[in-house]
Amino acid sequence: MNLKLSTIFALALSAFAILTSGCASKNVAAKNSGFFSDYSQLQSSDALSAAKSYKEYDVSKYKTVLISPVQAIEALPKLEQSDSQRELYKKISEYVSEGYKREIQKDSSLKLVDTKESGSLILESAISAVEVHFDDKNWNQFSPIAMDITVTSFNSYLDGNVRILGEKRIVDATTGETLLESMEIIKDEKIILKGETLKFENIKPALDKWIELAVKNLHN
């Protein structure tokens with residue numbers, strides 16, 4: 001990043017801090033992306049993941065899986081998005097969807113389908129960026145952050161505190177019942193900037209890890 005742009009960011013961050021310092025104690029950032037309607041029942045399985053099982057179900061009765069379009073949660077108002085940003089979010093959604101399909105095809109116990117049918121699971125999911133706070137003891141101490149470089153997100157990306165959060169919901173295609181909800185922060189893959197903007201290459205390693213985990217644990 002050149003000196004001029006760095007100076008602009010520094011000045012903008014300073015101004016933002018002054019403007020918001022008086023109300024910081026009143027405004028607490030949300031701790032979730034909004035993909036699930038209720039996060040209160042999610043139980044932590046380790047430091048940076050959680051899940052909720054809605055009912056016991058026999059995984060052997062499910063032979064096929066339908067992949068719903070992946071939601072890329074931008075945390076950036078659409079009116080403020082540039083064409084390149086919109087393209088990034090679209091690419092994330094398409095890449096993860098295709099990644100699921102590739103991984104599922106490696107497992108002979110499940111086959112991909114394009115429409116709902118008896119004996120099918122539906123995989124619904126979302127990808128977002130979060131700022132993690134590793135000094136906190138609870139699994140859910142993180143803050144949603146724009147999946148791009150903004151005045152308020154710049155320092156978090158620069159400090160290496162941003163990670164990809166994957167969330168998934170498994171639904172019975174016949175009954176419409178939710179069987180499982182789970183989420184996981186890909187903690188071992190830092191989002192490392194190599195320029196002035198967030199690019200697909202910066203987050204691809206984390207997306208690959210999430211794809212592997214989401215499909216590997218499809219029934220769990």
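The values are calculated or read from the model by the stated rules, or taken from the named source; none is laboratory data. Small disclaimer: the values here were computed from a predicted structure and weren't measured. Ideal geometry is used to build each Cβ from the backbone, glycine not excepted, and the neighbour counts take in all protein chains shown. Calculation scope for accessible area: heavy atoms of the full protein, side chains included, ligands and nucleic acids excluded. Shrake-Rupley method; radii C 1.70, N 1.55, O 1.52, S 1.80 Å.
Quick notes on this one:
- Where labels lie 7 Å past Cα in the beta-carbon direction, separation of K78 and T174 in nm: 3.7
- Integer Hz, Karplus 6.51/-1.76/1.60 couplings in order for segment 171-182, x for Gly and Pro: 10, 6, 5, 6, 8, x, 6, 7, 9, 7, 10, 8
- At an R0 of 25 angstrom, the distance between the Cβ atoms of D114 and E212 translates into a FRET efficiency of 0.60.
- Segment 31-217 - Rg (one decimal) and Dmax (whole number), Cα, Å: 16.8, 50
- Using the 1.4 Å probe convention, the accessible area of segment 152-216 works out to 43 Å² per residue with neighbouring protein chains retained.
- All lysines inside 28 Å of K78 as judged from Cα atoms, apart from same-chain residues fewer than 8 positions distant: K4, K26, K31, K90, K91, K168, K187, K190, K194, K199, K204, K209
- Accessible-area value, D114, 1.4 Å probe, nucleic acids and ligands omitted, Å²: 140
- Exposure ranking of S53, S128, S68 by accessible area [1.4 Å probe, largest first]: S53, S68, S128
- Share of carbon and sulfur in the accessible heavy-atom surface of segment 31-217 [1.4 Å probe, %]: 46
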